[in-house]
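To start, the structure under review is shown below, and the notes come after it.
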Amino acid sequence: MQIDTLILGAGAAGLYCAAYAGGPTLVIDHAKRPAEKVRISGGGRCNFTNLEIAPERFLSANPHFHRSALARHDQWAFIDRVSRAGIGWHEKTLGQLFCNGKSTAVVDLLVSDAGAAGADIWLDTHTGSIEQVDGGFRVALSRAGHPITVSARRLVVATGGKSIPKMGATGLAYDIARQFGLTVTETRPALVPLTFTDGRFAPLSGTACPARAANVRMSFDEAILFTHRGLSGPAILQLSSYWREGEAISLTLDPAGGAVPALRADRARHGRVKIANALSRHVPARLAEHIASDLGLSGNLADQPDAALARLSDRLTDWRLVPQGSEGWRTAEVTLGGIDTVHLDGRTMETKAVPGLYFIGECVDVTGWLGGYNFQWAWSSAWAAGTAIAAARTRA
Ligand code: FDA
C-alpha cells in the first residue's frame, strides 16, 4: 500500500496533524479507540488549552524551541476551532479552559476533521519494522492481526510519552528516534503525586488546602491534597516537574503570614481554647490536629510560650519535607523530556537529518504546566507539521 503520509498515533497530536496535512494520509493506533487521553482528560471535560499560554510555562532543554509553533498556532486558534464546532467552554481557574459538556465532543471533532481532510484512521493496528527507503519509509503494520506493508513519503511520529502504560502509552517514539540516530533526553514522570514511604500523611488522606509548594527552582500557589501515599493536588503536581529525588520541598500553609500573629493576639484575649482548635481557624481541622501533635503542642492556646508559637510559625510558613519518590508512570499526567529538540526544525517539526520524518506532541522534549498547556503543545506542534506537509505536497 502506497500513501503520502503515515501518522503513528491517533491521539491529540496525530489526529490534529491529519486535519492539516490533508491528502492521502493514514493514521494508525494500537488502541481500540482514538484519543483516549483526550476523552479522560480534565475529569471528562478536557482542559483543552489555557488563556495564559507562555513559552516560560513549558520545560525543555532548549527553552526557545517551542516558541515558534506556540506563537504561530496559539490558544486562540484552537479556541476558534472548538467554538466554530459549537462546543461550549468555560474558564475554570487560572486561565484553564474546559468543555461545558463531555470531552468526547473534542474527540469527535478531531476524528471528523481528520476524515474531512482525507485521512483514514486504522485502530487496533500495531507497528513493526520501519525502514528508510528511496523516497520515504516502509513500515510493517499488523491490522487486527493481518500484516500490511505501507510505503509512505512522510512519517509523523505522534505516539505520545510513557505516562499511564495501562492506557496504551509506549516508548515507541523514543525507539524510532534512536533507530534514526537521534538522541532522547532523560524521560521522567511529571505532573505526578509525590510519595512518602513512611505513610505519615495517611491519617490526613483526603484533606486539601491552599498552599505554596516550592523548591529552589520554582513555586506554585494552588491547592495541595494529602493522600495515603503522600502529597498531591495542583501545586504538588506542578512542582513535581521541577523536583528531583533527594531534594526537599517547602510548603507554606499560610502564604499571607497572618495565622501566627492572629494566634498571638488571640492568646491574650481568648486563650482558653485548645491549641489545635485555635489553629483550625487557619488550616483544616485534621491538619491542625496533625501539626499540633507533630510539634508536641498540647493544652490551650493560652499555655503556649512564644517559642512554641515560633515553631508553629516555622511549620506554617516553611514546612520542609523530603519526598522519597513519585507515583511514577502509573499516574503521571505527562512525560518530562523526550526527543531532543536539537534534531528538529521548530517551524515544521521535521527532523533535520532524516527528511520526511516528523515528531510531534508529548514525545518531544517539551512539557507544559498543568492546566491545558500540554494539549496546546499537541495542537501547536501538530499544526506546524501538518501545514508543512500540506505545503510540501503543493510544491511537489
Ligand atoms: P497521546 O498520548 O494523546 O496519543 C498518543 C497515541 O499513540 C495514543 O492514542 C496511543 O494509543 C498511541 N500509541 C502509543 N504507542 C503506540 C504504539 N506503539 N503503536 C501504535 N500506537 C501507539 N493535558 C492537558 O493539556 N489538559 C488536560 O486536561 C489533561 N488531562 C490529562 C489527564 C490524564 C489522566 C492524563 C494521563 C493526561 C492528561 N493531559 C492533559 C496530558 C495530555 O493528555 C497529553 O499531553 C496529550 O494527550 C499528548 O498528546 P499526544 O498526541 O502527543 O499523545
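For segment 105-153, the dipole from Cβ point charges (+1 on Lys and Arg, -1 on Asp and Glu) about the Cα centre works out to 160 debye, to the nearest 20.
Heavy atoms of the protein chains alone define the surface here; on that basis segment 139-297 has 44 Å² accessible area per residue at 1.4 Å probe size. For segment 261-357, the fraction of 1.4 Å probe accessible surface lying on carbon and sulfur atoms is 48 percent. Looking at the chain, do any whole DSSP H helices span at least 24 angstrom along their long axis by alpha carbon and average -1.0 or above on Kyte-Doolittle, and which? Span-like helices here: 373-395. All distinct Cα pairs of segment 256-350 go into the 1/r average, and the inverse of that average, the Kirkwood radius, is 16.6 Å. Here the dipole of segment 71-128 is about 200 debye; that uses its Cα centre as origin and unit charges on the Cβ of Lys and Arg (positive) and Asp and Glu (negative).
Here the chain is scanned for GluC sites (Glu not before Pro) in DSSP loops (not H, G, I, E, B) that have at most 10 other Cβ atoms within 10 Å, and the longest stretch holding none of them is 1-185.
Kindly flag which residue pairs out of Lys37/Lys162; Lys102/Lys162; Lys32/Lys92; Lys37/Lys102 have an alpha-carbon separation exceeding 21 Å in this structure. Violating the 21 Å limit, Cα to Cα: Lys102/Lys162; Lys32/Lys92.
Cross-link reach is defined here as a Cα-Cα straight distance under 14 Å, omitting same-chain residues fewer than 8 places apart; for Lys274 the aspartates and glutamates meeting it are Asp266, Glu289, Asp303.
Over the residues of the chain, the helix contribution to mean residue ellipticity at 222 nm works out to -9500 deg cm²/dmol, using -39500 (n - 2.57) for each DSSP H run of at least 4.
By the gyration tensor of its Cα atoms, with a ≥ b ≥ c the square roots of the eigenvalues, what is the shape of segment 101-231: rounded for a/c under 1.5, prolate for a/b over b/c, or oblate? Prolate is the answer for segment 101-231, as a/c is 1.5 or above and a/b outweighs b/c.
Based on Cα contacts under 8 Å between residues 6+ apart, the chain shows a relative contact order of 24 percent. Each Lys and Arg adds +1 at its Cβ and each Asp and Glu adds -1 at its Cβ; summed about the Cα centre, the chain shows a dipole of about 500 debye. Inverting the pair-averaged 1/r between distinct Cα atoms of the chain gives 22.8 Å as its Kirkwood hydrodynamic radius. By DSSP, the beta bridges lying fully in the chain are antiparallel in about 75 percent of cases.
The values are calculated or read from the model by the stated rules, or taken from the named source; none is laboratory data. Since the model is a prediction, treat every value here as computed from it, not as a measurement. Cβ atoms come from the backbone with ideal geometry, glycine included; neighbour counts cover every protein chain shown. Each accessible area value is taken on the protein alone, full model and side chains, heavy atoms only, with ligands, DNA and RNA left out. Shrake-Rupley method; radii C 1.70, N 1.55, O 1.52, S 1.80 Å.
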